[in-house]
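One structure is given here, and the rest of the page talks about it.
The values are calculated or read from the model by the stated rules, or taken from the named source; none is laboratory data. Note that this is a predicted model, so its numbers are computed, not measured. Heads up, the Cβs are rebuilt from the backbone with ideal geometry, glycines too, and the neighbour counts pull from every protein chain shown.
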């Protein structure tokens, strides 16, 4: 699940979209709907962060085209493994 997510800094075009987004975070939620978890939070590219009003939550299946893949290194790989383990443990504990 987590290993398939694009790295932060990746630039994508969503299905039906005309403006590129840059991924700035993984697995965000809306404050008003904390149980709804998305794959990514993105900002307009090349503008970057303007305000919270211009943050976009979306899932991997919403992506039409990956224009640029962000930076990945062993630190990111360790983070992804940690997040996967935490997610697996959370689900295991909630199913007991």
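Do you know which residues across segment 6-31 are closer than 14 Å to residue 62 by Cβ and part of a strand (DSSP E or B)?
12, 13, 14, 21, 23 - these are the residues of segment 6-31 that are closer than 14 Å to residue 62 by Cβ and part of a strand (DSSP E or B).
For the structure I just gave you, tell me whether residue 34 is surrounded by fewer than 15 Cβ atoms within 10 Å (Cβ to Cβ) and either assigned to a loop (DSSP other than H, G, I, E, B) or at positive phi (or both).
Taking the combined requirement at face value, the residue does not satisfy it.
Only residues that are under 12 Å from residue 25 (Cα atoms) and touching a helix residue (DSSP H, G or I) at 6+ places or on another chain (Cβ under 9 Å): list them for segment 39-69, please.
Residues satisfying the conditions are 39, 40, 43.
Is there any pair with a first residue in segment 55-83 that is in a helix (DSSP H, G or I) and a second that is exposed (fewer than 13 other Cβ atoms within 10 Å of the Cβ) and modelled with pLDDT of 95 or more whose Cβ atoms are under 8 Å apart and which are 6 or more apart or on different chains, and what are they?
62/15
Take the residues in segment 37-54 that are in a strand (DSSP E or B) and closer than 16 Å to residue 1 by Cβ; name whichever of them is nearest to the chain's Cα centre (by Cα).
Applying the filter and picking the extreme gives 40.
Of the conditions (1) loosely packed, with under 10 Cβ neighbours inside 10 Å; (2) modelled with pLDDT of 90 or more; (3) in a helix (DSSP H, G or I), residue 3 clears all except one; give me its number.
Going through (1) loosely packed, with under 10 Cβ neighbours inside 10 Å; (2) modelled with pLDDT of 90 or more; (3) in a helix (DSSP H, G or I) one by one, residue 3 breaks only (2).
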